[in-house]
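In what follows, a structure is listed as structure tokens, so that the remarks can point back to it.
Values quoted throughout were computed directly from the atomic coordinates according to the rules given, and no laboratory measurement underlies them. Worth saying up front: this structure is predicted, and the values here are computed from it rather than measured. All Cβ positions, even for glycine, are placed from backbone atoms using ideal geometry, and neighbour counts span all protein chains on display.
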Amino acid sequence: GENVEQHPSTLSVQEGDSAVIKCTYSDSASNYFPWYKQELGKRPQLIIDIRSNVGEKKDQRIAVTLNKTAKHFSLHITETQPEDSAVYFCAASQQGGYNKLIFGAGTRLAVHP
Amino acid sequence: NAGVTQTPKFRVLKTGQSMTLLCAQDMNHEYMYWYRQDPGMGLRLIHYSVGEGTTAKGEVPDGYNVSRLKKQNFLLGLESAAPSQTSVYFCASKGGTDTQYFGPGTRLTVL
């Protein structure tokens, strides 16, 4: 079955710096890769996703890149702000149908003013 | 439009007790999921449902049962709770897109 590894487990940056979180997956059939943000005590919320037919997707300060050959994908946050502080989870699945997501272990991002 | 809701928010059980967690969604979604979240382990899929009357096992189904008698509700049952089931439980639902929408979670402690 699918296995998703996520690094680093914790990340500390200064406000305004960039943050990068990396994930690798094992199942070459996976073709849908969402990223969720979870603030303390809150529910996970989708912030961006990418499908295997594209290599990069951007949404304002957030971007995700995908390398299908190497089976890894990354989340990039530019110009970080204190409100970006949260736990970020990557996941992988086959899109469509029941879409069973396999999650990485999470990255705790701290943005210091 | 409340989205995905979960009942209760918190619960403390003694070992061997039983309980049912309720998930409800008002988005007319076909797919519903139960996850557990433990420190350092991300979210792991317990059971899921692809429609009313259907259920299937996820990654960590042992010790749990589920039912989907109505399209809008997905119940997670613990027949005989164990301390290893202490966790935060999240329900999610999905419609015609790939996006899963999560409920607010239930924090369960088993003593």
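Where strands (runs of 3 or more DSSP E) fall entirely within segment B:1-85, those with at least 2 residues that are within 12 Å of chain A (Cβ to nearest Cβ) and surrounded by 14 or more Cβ atoms within 10 Å (Cβ to Cβ) are at B:4-7, B:31-37, B:43-49. From the list A:Leu75, A:Leu101, A:Leu109, A:Leu66, the one residue that fits, being farther than 25 Å from B:Gln37 by Cα, among the aliphatic types (A, V, I, L, M) and buried (at least 19 other Cβ atoms within 10 Å of the Cβ), is A:Leu66.
Screening A:Thr69 with (1) away from every other protein chain (no Cβ under 12 Å); (2) part of a loop (DSSP other than H, G, I, E, B); (3) in contact (Cβ under 8 Å) with a residue 12 or more places away in the chain gives one miss only, at (3).
Selection of first residues in segment A:89-109 that are facing chain B (nearest Cβ under 8 Å) and basic (Lys, Arg) and of second residues that are part of a strand (DSSP E or B) and surrounded by 24 or more Cβ atoms within 10 Å (Cβ to Cβ), restricted to Cβ pairs under 6 Å at least 6 apart or on distinct chains, gives the following pairs, ordered by first then second residue: A:Lys100/A:Ser93.
Restricting to segment A:79-88, count the residues that are of a type in the set (Val, Ile, Thr) and touching a residue at least 60 places away in the same chain (Cβ under 8 Å). So that I can check it myself, show each step before the final result.
Here is the first cut: in segment A:79-88, the residues of a type in the set (Val, Ile, Thr) are A:80, A:87.
Of the ones still in play, those that are also touching a residue at least 60 places away in the same chain (Cβ under 8 Å) are A:80.
Here the count works out to 1.
Within this structure, B:Ser49 fails the test of being over 30 Å from A:Asn31 (Cβ atoms), touching a Ser or Thr at 6+ places or on another chain (Cβ under 9 Å), touching a residue at least 24 places away in the same chain (Cβ under 8 Å) and of a type in the set (S, T, N, Q). Would you call B:Phe102 more than 9 Å from every other protein chain (Cβ to nearest Cβ), under 13 Å from the mean Cα position of the chain (by Cα) and closer than 22 Å to A:Leu46 by Cβ? So B:Phe102 fails the test.
The C-beta contact set for segment A:33-61 (first residue closer than 18 Å to A:Gly104 by Cα, second residue exposed (fewer than 12 other Cβ atoms within 10 Å of the Cβ), distance under 6 angstrom, 6+ apart or interchain) comprises A:Ile48/A:Asp59. Of the residues making up segment A:44-55, just one is within 15 Å of B:Phe90 (Cβ to Cβ) and either of a type in the set (Asp, Glu) or surrounded by 19 or more Cβ atoms within 10 Å (Cβ to Cβ) (or both), namely A:Pro44.
Which of the residues spanning segment A:72-88 are assigned to a strand (DSSP E or B) and away from chain B (no Cβ under 12 Å)? Steps first, answer last, please.
Within segment A:72-88, the subset assigned to a strand (DSSP E or B) is A:72-77, A:86-88.
Correct list: A:His72, A:Phe73, A:Ser74, A:Leu75, A:His76, A:Ile77, A:Ala86.
Go through segment A:23-57 and count every residue that is among the hydrophobic types (A, V, I, L, M, F, W, C) and facing another protein chain (nearest Cβ under 8 Å). Lay out the reasoning, then the answer.
We begin by selecting, within segment A:23-57, every residue among the hydrophobic types (A, V, I, L, M, F, W, C); these are A:23, A:29, A:33, A:35, A:40, A:46-48, A:50, A:54.
Subset that is facing another protein chain (nearest Cβ under 8 Å): A:46.
Count: 1.
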